[in-house]
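Everything below concerns the one structure shown next.
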Amino acid sequence: MIITMPELPEIETTYRAICQPLLGQTIKSVVIRHHRLRWPLEAHWPLMMKGAKVLSLSRRAKYILVATTQGYLLLHLGMSGRLSLLPRQTPHQKHDHVDCEFGNKLVLRYTDPRRFGAFLWFNSNPDLHPLLCNLGVEPLTQDFNAAFLYQQTRKRKVAIKQLIMNAKIVVGVGNIYANEALFEAGIDPRRLSQSLKLEECAELIKRIKQVLKKAIQAGGTTLKDFLSPGGHAGYFVQVLKVYGKEDKPCFKCQSLLVGIRLHNRATVFCPSCQR
């Protein structure tokens, strides 16, 4: 069974779905049913959040940040979490842990069977929050470019797949998308990052951006748990070329794809196409 946590395309899909309905709305009430997620939910948070007006929403790495007049809400879906926008009187189910009711009679519901996600309320500068302050560049921005990646590869003697999945360098390039981007770029995931030339870094940057953009357009990738706030699966799973396809013919050359564990991550590549 493949288990994978939501990555940047899934979080971006979630963020886009809740942004407009919640922007400018006021939190009328908060119900916490289970206090023990990855980090405990404090009993006084509902009182502090009540009456807060949503000023903005943003995504940073795999976090969604909701800025309000009274503080900040930081959300992370963990391994199996999801956010849903539902009518106010929708009955809750077993794994529905938190409800935020808004003035437009919608409820933002946090569901998480494994309870490994985060639902955090705080008042300090989000740029200094310990979960956010050490994150790397966003992969879809101009800061993530060939010169930047080439410079990072000179500093670290690690496999290139491990490097592009390091959130202190670049955020959101999860395992699925690292496999797919390296295949598209024709780069063996096991290669030492220091061996990449500048032009190879440029090609890899291009492919990472392409793969992530296509995944966002498809609503992310659903292998098991992920659903958008509207209850839709992510359809990028239908166009995966290597991830989860070990021992199947390569999309380009028909050679059998190879599956290995690289730094404890499922890694699939084509030994003929990826050098």
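The values are calculated or read from the model by the stated rules, or taken from the named source; none is laboratory data. A quick note: this is a predicted structure, and the numbers were derived from the prediction, not measured. All Cβ positions, glycine included, derive from the backbone under ideal geometry; neighbour counts span all protein chains shown.
A few notes on this one:
- The listed residue being hydrophobic (A, V, I, L, M, F, W, C), more than 19 Å from Cys270 (Cα to Cα) and touching a strand residue (DSSP E or B) at 6+ places or on another chain (Cβ under 8 Å), out of Leu132, Leu128, Leu198, Leu192: Leu132
- Remark: pairs (first residue in segment 132-160, outside the structural domain of Ile205 (by TED's automatic domain parsing); second residue assigned to a loop (DSSP other than H, G, I, E, B) and among the aromatic types (Phe, Trp, Tyr); Cβ separation under 9 Å; 6+ apart in sequence or on different chains) = Gly136/Phe144; Val137/Phe144; Glu138/Phe144.
- Cβ separations smaller than 9 Å between residues 6+ apart or across chains give the following pairs from segment 30-42 residues that are in contact (Cβ under 8 Å) with a residue 60 or more places away in the chain to residues that are surrounded by fewer than 13 Cβ atoms within 10 Å (Cβ to Cβ) and among the hydrophobic types (A, V, I, L, M, F, W, C): Val30/Leu47; Ile32/Ala43.
- Checked against the criterion of being within 19 Å of Leu8 (Cα to Cα) and touching a helix residue (DSSP H, G or I) at 6+ places or on another chain (Cβ under 7 Å), segment 48-57 has at least one qualifying residue.
- Residues that are surrounded by 14 or more Cβ atoms within 10 Å (Cβ to Cβ) and under 22 Å from the mean Cα position of the chain (by Cα) within segment 153-169 comprise Ala159, Ile160, Lys161, Gln162, Leu163, Ile164, Met165, Asn166, Ala167, Ile169, listed in sequence order.
- Scanning segment 35-48 turns up no residue that is of a type in the set (A, V, I, L, M) and either touching a Pro at 6+ places or on another chain (Cβ under 8 Å) or within 24 Å of Gly136 (Cα to Cα) (or both).
- Within segment 123-152, the set of residues being of a type in the set (A, V, I, L, M) and within 20 Å of the chain's Cα centre (by Cα) comprises Leu131, Leu132, Leu135, Val137, Leu140.
- Exactly one residue out of Leu227, Leu223, Leu257 is surrounded by 15 or more Cβ atoms within 10 Å (Cβ to Cβ) and modelled with pLDDT of 90 or more, and it is Leu257.
- Qualifying residues in segment 208-220 (those that are over 20 Å from Ile164 (Cβ atoms) and in contact with a Gly (Cβ under 8 Å, 6 or more places away or on another chain)) - the one modelled with the highest pLDDT: Ala218
- Filtered by the rule that a residue be on the phi < 0 side of the Ramachandran plot and not in a helix (DSSP H, G or I), segment 184-215 gives Ile187, Asp188, Pro189, Arg190, Arg191, Leu192, Leu196, Lys197.
- Number of residues in segment 106-117 that are surrounded by fewer than 19 Cβ atoms within 10 Å (Cβ to Cβ) and either free of Cβ contacts under 8 Å to residues at least 40 places away in the same chain or not in a loop (DSSP other than H, G, I, E, B) (or both) equals 1.
- In segment 242-259, the residues that are in the same structural domain as Ile176 (by TED's automatic domain parsing) form Cβ pairs under 7 Å with partners that are charged (D, E, K, R) and outside any loop (DSSP other than H, G, I, E, B), at six or more places apart or across chains, as follows: Val242/Glu180; Tyr243/Glu180.
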